[in-house]
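Visitor: Structure in structure tokens, see below.
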Amino acid sequence: MEYRRLGTTGVTVSAVAMGCWAIAGDWVWGEQDEQASIATIHAALDAGINFFDTAEAYGDGASETLLGKALAGRRHGVVIATKVSDAHLHRDALLQACERSLKRLNTDYIDLYQIHWPNWEVPLAETVEALDRLQQQGKVRAVGVSNFGVRDLTDLLALGRCVTNQLPYSLLWRAIEFEIRQKCIDNDVGILCYSPLSQGLLTGKFASADDVPETRARTRFFSSERRLTRHGEDGCEAETFAAVSAIRRICAAIGAPMEQVALAWLLRQPGVTAVLAGARTPDQIRQNADAAQLHLSPDVVDALTAATDALKGRLGPNPDQYQSVARMR
Ligand SMILES: NC(=O)c1ccc[n+]([C@@H]2O[C@H](COP(=O)([O-])OP(=O)(O)OC[C@H]3O[C@@H](n4cnc5c(N)ncnc54)[C@H](OP(=O)(O)O)[C@@H]3O)[C@@H](O)[C@H]2O)c1
């Protein structure tokens, strides 16, 4: 495993982190066996992963509870990142949300507490003050944000600091390269890449858009004719699956699994601290962890980048996977 510094903190985290959304087994991911989830977390630890990302919203607290249970007795060797929901950004609501997360996580401190989504209805200064207070109390070690674009990050940096910005970033989803990535780099804000496998598209398990479960076919890759989308755009299903085919050919030529190649490509990108790879089974997390050891030559990195350039152009600079720019939060 490779370890990297978490933003400007003295904390080191594994370059491949475990994303703990899917193990909550919610309406997006479907049923999930609790023992399998706990075994997956233990397999992550055994593979050298020390960094776990969760949120109060995942399974309405179920993901945090599972993580707390699985990490019992091993808490001090790991770095826990969780998130406060955008509905809880007023001072009192945030302080209470943090207490609930601490309880579910079975710990007395959170290593990285992140604002899940910006909420323009709540004064940012109020949220920042509440987060400062939690840090002073030792309940939170470092503060991060998530889904903050240039405008939100600029506002936040005028008021205080954040060590990381968690953004959707994958070989298929490169919108952050247009603008926000550079803003993060310029301000020493580490990028945590979410949906780094584009929710399974980059494992090669889906041959066409019709194969993707409806609850995952909600992003701007998919046509707005699909029932659960809310972006109102045409989507770019043909371009997405053409890019997946091109990536598949490159992976076959170098004899490496697509999911590992996709994660290794991300780890070579500027500004990236860690990839938050979701996994539901011990085998998946072991395969994902091995991506940290996969060496890609500069030629292969360039070929992969070229394979998704057209898709990047088609999707444009809006980093929001779910909403059109007009309806972006
Ligand atoms: N801040 C935010 O707003 C935000 C939003 C989304 C996600 N996140 C974070 O990012 C993490 C990862 O994102 P994500 O869960 O959306 O998607 P992802 O990591 O791109 O995809 C994860 C899914 O892909 C499949 N998979 C993973 N590894 C595999 C392997 N080696 N072989 C085959 N299939 C594999 C699994 O589902 P199946 O087995 O069911 O196919 C898994 O649940 C989340 O857990 C969460 O921590 C944050």
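The values are calculated or read from the model by the stated rules, or taken from the named source; none is laboratory data. These numbers come from a predicted model, not from an experiment. In this analysis, Cβ positions are derived from the backbone assuming ideal geometry, glycine residues included, and neighbour counts consider all displayed protein chains. Note: accessible area is taken over every heavy atom of the protein model, side chains too, but ligands, DNA and RNA are not part of it. Shrake-Rupley method; radii C 1.70, N 1.55, O 1.52, S 1.80 Å.
Visitor: Does residue 284 satisfy being within 9 Å of the ligand (Cβ to nearest atom) and open to solvent by 40 Å² or more (accessible area, probe 1.4 Å)?
Guide: yes
Visitor: Which condition does residue 203 not pass, out of (1) within 13 Å of the ligand (Cβ to nearest atom); (2) crowded, with 19+ Cβ neighbours inside 10 Å, if it passes all the others?
Guide: (2)
Visitor: I've got another one for you. Condition first: under 12 Å from residue 79 (Cβ atoms) and among the acidic types (Asp, Glu). Now tell me which residues in the stretch 1-60 satisfy that.
Guide: Residue satisfying the conditions is 53 alone.
Visitor: Test residue 181 against the criterion of being basic (Lys, Arg), away from the ligand (no atom under 14 Å from the Cβ), outside any loop (DSSP other than H, G, I, E, B) and surrounded by fewer than 24 Cβ atoms within 10 Å (Cβ to Cβ), and give yes or no.
Guide: yes
Visitor: Then there's this: Which residues, counting only those in the stretch 53-64, are within 9 Å of the ligand (Cβ to nearest atom) and not in a strand (DSSP E or B)?
Guide: Within the stretch 53-64, 54, 55, 57, 58, 63 meet the criteria.
Visitor: Could I ask something else about it? Identify the residue in the stretch 114-147 that is within 13 Å of the ligand (Cβ to nearest atom) and not polar (S, T, N, Q) and, among all such residues, is nearest to residue 91 (Cα to Cα).
Guide: Here the residue is 115.
Visitor: Mind listing whichever residues of the stretch 252-281 are crowded, with 20+ Cβ neighbours inside 10 Å, part of a helix (DSSP H, G or I) and of a type outside the set (Asp, Glu)?
Guide: Those that are crowded, with 20+ Cβ neighbours inside 10 Å, part of a helix (DSSP H, G or I) and of a type outside the set (Asp, Glu): 258, 260, 261, 262, 263, 264, 265, 266, 267.
Visitor: In the set 266, 304, which member is modelled with pLDDT of 95 or more and within 14 Å of the ligand (Cβ to nearest atom)?
Guide: Just one listed residue meets the conditions, 266.
Visitor: Right, another one. When both residues are 6+ apart or on different chains and their Cβ atoms are under 7 Å apart, which pairs have a first residue that lies in the stretch 269-280 and is more than 6 Å from the ligand (Cβ to nearest atom), and a second that is open to solvent by 30 Å² or more (accessible area, probe 1.4 Å)?
Guide: Close Cβ pairs (under 7 Å, with a partner that is open to solvent by 30 Å² or more (accessible area, probe 1.4 Å)) amount to 270/185; 271/181; 271/185; 273/4; 274/4.
Visitor: Among (1) over 30 Å from residue 308 (Cβ atoms); (2) over 20 Å from the mean Cα position of the chain (by Cα); (3) not small (Gly, Ala, Ser), where does residue 154 come up short?
Guide: (1)
Visitor: Continuing with the same structure: Counting only residues that are over 18 Å from residue 264 (Cβ atoms), assigned to a loop (DSSP other than H, G, I, E, B) and within 13 Å of the ligand (Cβ to nearest atom), how many does the stretch 148-178 have?
Guide: 2
Visitor: Go through the stretch 1-37 and count every residue that is more than 15 Å from the ligand (Cβ to nearest atom) and under 15 Å from residue 291 (Cα atoms).
Guide: Number satisfying all stated conditions: 4.
Visitor: Has the stretch 213-235 got any residue that is of a type in the set (Ser, Thr, Tyr), part of a helix (DSSP H, G or I) and within 16 Å of the ligand (Cβ to nearest atom)?
Guide: Within the stretch 213-235 (the criterion being of a type in the set (Ser, Thr, Tyr), part of a helix (DSSP H, G or I) and within 16 Å of the ligand (Cβ to nearest atom)), the answer is yes, since at least one residue qualifies.
Visitor: Does the stretch 1-55 hold any residues that are acidic (Asp, Glu), in contact (Cβ under 8 Å) with a residue 60 or more places away in the chain and within 20 Å of residue 199 (Cα to Cα), and which are they?
Guide: Matches in the stretch 1-55: 53 only.
Visitor: Of all residues in the stretch 30-52, count the ones that are modelled with pLDDT of 95 or more and either on the phi > 0 side of the Ramachandran plot or part of a loop (DSSP other than H, G, I, E, B) (or both).
Guide: Within the stretch 30-52, residues that are modelled with pLDDT of 95 or more and either on the phi > 0 side of the Ramachandran plot or part of a loop (DSSP other than H, G, I, E, B) (or both) number 4.
Visitor: Confirm whether residue 248 is open to solvent by 20 Å² or more (accessible area, probe 1.4 Å), free of Cβ contacts under 8 Å to residues at least 60 places away in the same chain and in a helix (DSSP H, G or I).
Guide: yes
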